[in-house]
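J.: Just dropping this structure here.
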Amino acid sequence: MTTENTENLETKVEETAPISEEVENDNVETLEAKEEQTEEEKAQAEQEDFKAKFYYLAAEMENLKKRQARETDNLLKYGNEKVLSSLLEVLDNLDRTLTAIENDEDEKVKNIYVGVDMVKKQFSDVLLSNGLTEIESIGKTFDPNFHEAMAQQPAEGKKDDEIISEFQKGYILNGRLLRAAKVIIVKN
């Protein structure tokens, strides 16, 4: 190599050195910008993740409130179901007592009948105020959702599946069947 070539080469190296430094500086700045950008993206992704978790928890909290309100409502409506179911036997016994003494001619027994009837009506009113309603059966068409057929018998002038007699009254508590009515239906 000649001196001229060497000098040209040195000149070219000197000329490219600032360019290399500029490229190197640009690369460093680009890397720093990318790092800042990725940190920003990470922060933004973290914030989005936090928002998603917050919305999820807010929705879960709202669902929990609704579920709690529904359970409280059901507890108020049906919480006394077991007690009312037990009291139905007492009401049945009052009905049986009234049926047994209603045709007696003795004046004392008639007074007892009136007293027991008043107690039964008061007792029925208390049960009614607690959401208990009696199922109307006699003369209605048999519905397996509310009636339990104990027997079938023919009857003139009546259509099939019509209820003609009732062994035991049925009751509904706030729209839910508490006890099915035990009935006799027509089968011609």
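J.: Within the set of other residues whose C-beta is less than 14 Å from the C-beta of residue 94, count the net charge using Lys and Arg as +1 and Asp and Glu as -1.
T.: With Lys, Arg at +1 and Asp, Glu at -1, the neighbours total -3.
J.: Would you grab the residues whose amide H sits under 5 Å from the one on residue 149? Only those 5+ places off in sequence or on another chain, please, with H modelled 1.01 Å from N.
T.: Amide H neighbours of residue 149, under 5 Å, 5+ apart: 183.
J.: Another question about this same structure. What does region 97-188 give for Rg and for Dmax, in Å, if only its C-alpha atoms count?
T.: For region 97-188, the Cα radius of gyration and maximum Cα-Cα distance read 16.2, 44 Å.
J.: Sticking with this one: Strictly over 32 Å apart at the Cα level, which of 77/169; 66/120; 120/182; 53/82 would you flag in this model?
T.: 66/120; 53/82
J.: I would also like to ask the following. For the pair residue 117 and residue 47, how long in nm is the line joining their label points, each one 7 Å along Cα→Cβ?
T.: Distance between the two pseudo-spin positions: 8.1 nm.
J.: Ok, one more. If you consider only alpha-carbon coordinates, what radius of gyration and Dmax does region 62-109 have, in Å?
T.: Final numbers for Rg and Dmax: 20.7, 66 Å.
Here, each number is a calculation from the coordinates, and none is a lab measurement. Since the model is a prediction, treat every value here as computed from it, not as a measurement. All Cβ positions, even for glycine, are placed from backbone atoms using ideal geometry, and neighbour counts span all protein chains on display.
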